[in-house]
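The values are calculated or read from the model by the stated rules, or taken from the named source; none is laboratory data. Remember, it's a predicted structure, so these values are computed and weren't measured experimentally. Positions of Cβ are generated from backbone atoms using ideal geometry, with glycine treated the same way; all protein chains shown enter the neighbour counts.
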2 protein chains.
Amino acid sequence: MDHKSGGAEPVALAEFLSRVLGRVRPLPAIDLDLTQACGCVLAADVTAPGPLPAFDHATVDGYAVRMEDVAGASPERPVSLKVLGDVSASSWRPVRLIPGTCFAVAAGASLPSGTDAVIPLGWTDEGMAAVRVGQAPKRGNGLRRAGEERESGAVLAHNGQHVTPQLIALLAAAGVGDIVVRPTPRVVVIATGDELMDTGRVSQPGQLVDVNSHALTAAASEAGAHAFRVGICDDEPEALRAVLDDQTLRADLIITTGGTGTGPGDMVRRTFGRDRTVEFSTVAVYPSATIGFGSVGPEEVPITCLPGDPGAAMNAFEVLARPIILRLAGAEPVFRPSVKANLIETVQSPANYREFRPAHVAERRGGGYTVAPLPGGPYTLSGLAEATGLMVLGEKVTTAPAGSTVDVLLFDRHR
Amino acid sequence: MDHKSGGAEPVALAEFLSRVLGRVRPLPAIDLDLTQACGCVLAADVTAPGPLPAFDHATVDGYAVRMEDVAGASPERPVSLKVLGDVSASSWRPVRLIPGTCFAVAAGASLPSGTDAVIPLGWTDEGMAAVRVGQAPKRGNGLRRAGEERESGAVLAHNGQHVTPQLIALLAAAGVGDIVVRPTPRVVVIATGDELMDTGRVSQPGQLVDVNSHALTAAASEAGAHAFRVGICDDEPEALRAVLDDQTLRADLIITTGGTGTGPGDMVRRTFGRDRTVEFSTVAVYPSATIGFGSVGPEEVPITCLPGDPGAAMNAFEVLARPIILRLAGAEPVFRPSVKANLIETVQSPANYREFRPAHVAERRGGGYTVAPLPGGPYTLSGLAEATGLMVLGEKVTTAPAGSTVDVLLFDRHR
């Protein structure tokens, strides 16, 4: 076992998460224009300001008719009606059907009063002054009535619901212009370490590529945040404090990586541990993680300090930072969807640690899932890059035999 | 049946899609910085510029040792080693272990030559000048060797693969700085119609809220595009042409809604049909759709003209515009993931039309899915707003009985 870093007994993940997430509140609600709110979570129910549809209207291009006039129409015995005028979607006047007459109407047009049905063009000779109708409609054919879908005042969407393109369509159609949502969380990502250099070069002894600020900024975006990559901060407490002073202004969450261990070079822990703004915990997860959580600045912006090893940082983001971002956004649940899957090869896992193992999940013909671990040790990034999910091997699991059922968290791998 | 609009026999969806998608090519590849490429699709394989890991390094804080020195260590008989120095992740000098000595190393640090294992702090007394080791490691404990994960020159990711945060981590770690990807498609959305007014008011006869430009802009974003909402264009051919002249500069795809019918007020069809830049087809899908596809401007920017009815427009986006966006982005497959599901109530569907019915999909205990249609007719937006998927009822289906198996396209409803 190589995942202990000395010090106190590791805290169980469930306990750690409940302690941290208990301190994170959804962001205060704001009023946003519909289009800007896509992807956000509603912070209040939305009611319909008017009926939906707003008025009786045609759903097809055709002729607005009275049932009495066309009830006997058939291909053999078409009915002839006088066309009193045209109504388009953009025109309106208060008109009324009288016996033996109709109006030509366009899809979307308001209906003359007395309309029982709209005869589609295809059932007619498409006449201009008079039209021959070759088929009897059912009452209500080709039209929709005001309030048929939702009454005025009806609840259209609920507090906590995600704003999707389809919900935007419904709300716009009902006359809603803006809605009360949780704003998109703003997340600032800072990598710390004197050894770090920017991407595009191969690491050398003493000079490691900064993987984390790039990968975690992308991961925060994927989790729904506006993510800002600050980049690399040297192992200087004053430099770190200066960066934080600047960044707290635009941050709902700050993520740092590196320096969370107990060694003399672990600057983040020394800096924040001293003034107790951040509490550091060794969490019993594998890949291992010493994670800090606290708040900084007068605004008490939440901060989480993740380990420097990229594999451990990605795992810590997954188990902690991602749920924090979803909590800030007002989303529930804050964890990824999970399925039960049939394990296709035996895996070993460390006792007392909750392991998240990169895995390939597949749907089985006939239902259910299979899951296979990806090759490479727990700290490898290649397995994670190929994974479609994370197999969860609980604290009590030391061997999960082939054929047993395990929980798997599913990544979104397709838009 | 109220979904015919007259004219030629409708074209089958599969035939229409194959014709249109056959004309759409992935966007030309560009070179992007890793962080900017998240969400894009690779246009070339990516090979490792160096080995991964780049050099032998410690994975834990501890002591770099030779096996010969510590093979006999146990809690009862600890082995004492002289500590020759410290190596941190940011320091490096060419050092070498000699018998009876060790180096204190930090996680991430390069290893002295001759190192066989790294003893974690927890197995020791954490001594400074000398350290007592109370447990014998396995060879390779606490360290990773250069190239252990990937050799220099190995393929790290394949042409066609999506760039995920996890892939960014892998590529950055291997020394990759930028990659060749398809750019994010830029999509311009224009609603046409004299009757349209902006959102935030309830529709009136002659004045309809512009649902489509808002909902389709959001839908295009959700499909992975940079979407630009131009808003409302009146039914004036010159106005439409002027808007297009402006917008083609920033568009990889133009989406219009409204005016695709055969009536005298159907401006989009009259304008584009005349010069044959756009070909209009009545597609045998339900909700019904008369859809145009063609190209505009000297750059031959693809354009698709969707119907004005919001339910029909959303459906046409789903069946046609979304696959076009994914094709431009280089993604495969271009269609949503589909599952087989057990239908829990009998549904009727029009013959000869491929129907996409908003539905609620649920995973069944023990595997597989169930699906239930959502209430409301085919043109309602409320069903679509609640849907987690679209039930696909093929051309030959007129009744799908409860208990039968149907195909369902799955929406992404969770991040």
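For the reader, a short list of remarks on this structure follows.
- Residues of the stretch B:60-82 that turn out to be assigned to a strand (DSSP E or B) and within 17 Å of B:R144 (Cβ to Cβ), as a count: 4
- Verdict on A:G62 being surrounded by fewer than 24 Cβ atoms within 10 Å (Cβ to Cβ), of a type in the set (G, A, S) and more than 8 Å from chain B (Cβ to nearest Cβ): no
- Only a single criterion out of (1) without any contact (Cβ under 8 Å) to a residue 40 or more places away in the chain; (2) in contact with a Ser or Thr (Cβ under 9 Å, 6 or more places away or on another chain); (3) assigned to a strand (DSSP E or B) is not satisfied by B:G85, namely (2).
- Evaluating A:R19 against the criteria (1) over 30 Å from A:V180 (Cα atoms); (2) assigned to a helix (DSSP H, G or I) leaves one unmet condition, (1).
- Residues that are touching a Gly at 6+ places or on another chain (Cβ under 6 Å) and not hydroxyl-bearing (S, T, Y), drawn from the stretch A:83-116: A:A89, A:W92, A:R96, A:L97, A:F103, A:A106
- When the stretch A:22-59 is limited to residues that are assigned to a helix (DSSP H, G or I) and at pLDDT below 95, the one that is surrounded by the fewest Cβ atoms within 10 Å (Cβ to Cβ) turns out to be A:Q36.
- Across the stretch B:209-230, the number of residues qualifying as surrounded by 22 or more Cβ atoms within 10 Å (Cβ to Cβ) and touching a strand residue (DSSP E or B) at 6+ places or on another chain (Cβ under 6 Å) comes to 8.
- Looking across the stretch A:267-291, the residues that are without any contact (Cβ under 8 Å) to a residue 60 or more places away in the chain, surrounded by fewer than 24 Cβ atoms within 10 Å (Cβ to Cβ) and of a type outside the set (V, I, T) come down to A:R269, A:R270, A:G273, A:R274, A:D275, A:R276, A:E279, A:F280.
- Residues located in the stretch B:236-289, provided they are at pLDDT 85 or above, in contact with a strand residue (DSSP E or B) (Cβ under 8 Å, 6 or more places away or on another chain) and of a type in the set (S, T, N, Q): B:Q247, B:T248, B:T256, B:T257, B:T260, B:T277, B:S281, B:T282
- Output for the stretch B:296-312, where each listed residue is modelled with pLDDT under 95 and closer than 22 Å to B:A12 by Cα: B:P307, B:G308, B:D309, B:P310, B:G311, B:A312
- Looking across A:D69, A:D86, one residue alone is of a type outside the set (K, R), crowded, with 18+ Cβ neighbours inside 10 Å and either assigned by TED's automatic domain parsing to the domain that holds A:R139 or touching a His at 6+ places or on another chain (Cβ under 7 Å) (or both). It is A:D69.
Rundown of residues vs (1) assigned to a strand (DSSP E or B); (2) buried (at least 17 other Cβ atoms within 10 Å of the Cβ); (3) at negative phi, yes/no style:
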{"position": "A:P333", "(1), (2), (3)": "no, no, yes"}
{"position": "A:R336", "(1), (2), (3)": "no, yes, yes"}
{"position": "A:K340", "(1), (2), (3)": "yes, no, yes"}
{"position": "A:N352", "(1), (2), (3)": "no, no, no"}
{"position": "A:P358", "(1), (2), (3)": "yes, yes, yes"}
{"position": "A:V361", "(1), (2), (3)": "yes, yes, yes"}
{"position": "A:S382", "(1), (2), (3)": "no, yes, yes"}
{"position": "A:L390", "(1), (2), (3)": "yes, yes, yes"}
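- One residue stands out in the stretch B:371-402 among those that are of a type in the set (S, T, N, Q) and farther than 18 Å from B:S288 by Cα: the one that is nearest to the other protein chains (Cβ to nearest Cβ), namely B:T388.
- Hey, B:T405 at negative phi, more than 9 Å from chain A (Cβ to nearest Cβ), without any contact (Cβ under 8 Å) to a residue 60 or more places away in the chain and hydroxyl-bearing (S, T, Y) or not: no
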